[in-house]
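**Q** Once you've had a glance at the structure underneath, I'll fire off some questions.
The values are calculated or read from the model by the stated rules, or taken from the named source; none is laboratory data. Since we're looking at a predicted model, the values are computed, not measured. Reconstructed Cβ throughout: ideal geometry from the backbone, glycine too, with neighbour counts over all protein chains shown.
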Amino acid sequence: MPIYNLEFQSQINVPPQVIYDHLSDPHHFVGLQPLLTHVEAVQFSTRDGLKNVSYTTVEAFRWNGIVLYRNRIRVQTTFTNPPLQFTTTVHSFPNITLHVEYTFESLNEGTLVKEAMRIYVHSWLAGFVTSEATKAQTALLTNLKKRLEGM
């Protein structure tokens, strides 16, 4: 299966710990990503000495305001280097996997947030999936900046 790589970054004028703490709660992703409607089945655990959280999200794909499809997504996040990094693996229909590494670097008065994403998807779906991922992650960083700087 082909692999597609995407990278995103944004400077947010709050300390890394604030961003890390906010994104450590899966419920906070609602309102950050435009397709995400809710988060459920949140379960925290520890494995190999690292804190993890698994959960399910639902994305609603709309056309002219009408929901055409609700996509259930399984998510597993590992808090690899608090408060500077965590990784997330997303499994979606049909056999789509995203590995995302979030890093948070102190920068001047704030934080440089970086996302490195590897997408495993069938080539016939790659254009749609990479386009939607780009829109979702760009919106996430824009909305995160507005939310945290406005606190």
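**Q** Which is within 24 Å of residue 40 (Cα to Cα), among the hydrophobic types (A, V, I, L, M, F, W, C) and exposed (fewer than 15 other Cβ atoms within 10 Å of the Cβ), of 75, 53, 67?
**A** Just one listed residue meets the conditions, 67.
**Q** Still on this structure, please answer the following. Condition first: hydroxyl-bearing (Ser, Thr, Tyr) and touching a residue at least 40 places away in the same chain (Cβ under 8 Å). Now tell me which residues in region 16-44 satisfy that.
**A** Listed by number, the residues that qualify are 20, 24.
**Q** With farther than 27 Å from residue 150 by Cα, within 14 Å of the chain's Cα centre (by Cα) and surrounded by 13 or more Cβ atoms within 10 Å (Cβ to Cβ) as the only criterion, which of 92, 24 stands out?
**A** Of 92, 24, the one residue that is farther than 27 Å from residue 150 by Cα, within 14 Å of the chain's Cα centre (by Cα) and surrounded by 13 or more Cβ atoms within 10 Å (Cβ to Cβ) is 92.
**Q** Let me ask another. Check residue 35 against each of (1) under 14 Å from the mean Cα position of the chain (by Cα); (2) of a type in the set (A, V, I, L, M); (3) modelled with pLDDT of 95 or more; (4) under 21 Å from residue 118 (Cα atoms) and name the one condition it does not meet.
**A** Tallying (1) under 14 Å from the mean Cα position of the chain (by Cα); (2) of a type in the set (A, V, I, L, M); (3) modelled with pLDDT of 95 or more; (4) under 21 Å from residue 118 (Cα atoms), residue 35 fails exactly one: (3).
**Q** Yes or no: region 67-79 includes at least one residue that is without any contact (Cβ under 8 Å) to a residue 24 or more places away in the chain and either among the acidic types (Asp, Glu) or closer than 15 Å to residue 24 by Cβ (or both).
**A** no
**Q** Scan region 112-128 residue by residue and report those that are farther than 14 Å from residue 23 by Cα and either out of contact with any strand residue (DSSP E or B) (no Cβ under 9 Å at 6 or more places or on another chain) or crowded, with 20+ Cβ neighbours inside 10 Å (or both).
**A** Passing the criteria: 117, 119, 121, 123, 124, 127, 128.
**Q** If you check 46, 130, 56, which single one turns out to be closer than 22 Å to residue 6 by Cβ and hydroxyl-bearing (Ser, Thr, Tyr)?
**A** 130
**Q** Here's something else I'd like to know. Give the number of residues within region 44-76 that are modelled with pLDDT of 90 or more, more than 17 Å from the chain's Cα centre (by Cα) and within 24 Å of residue 132 (Cβ to Cβ).
**A** So the answer is 0.
**Q** Let me ask something additional. Among the residues of region 30-43, is any farther than 26 Å from residue 129 by Cβ and loosely packed, with under 14 Cβ neighbours inside 10 Å?
**A** Yes, region 30-43 has at least one match.
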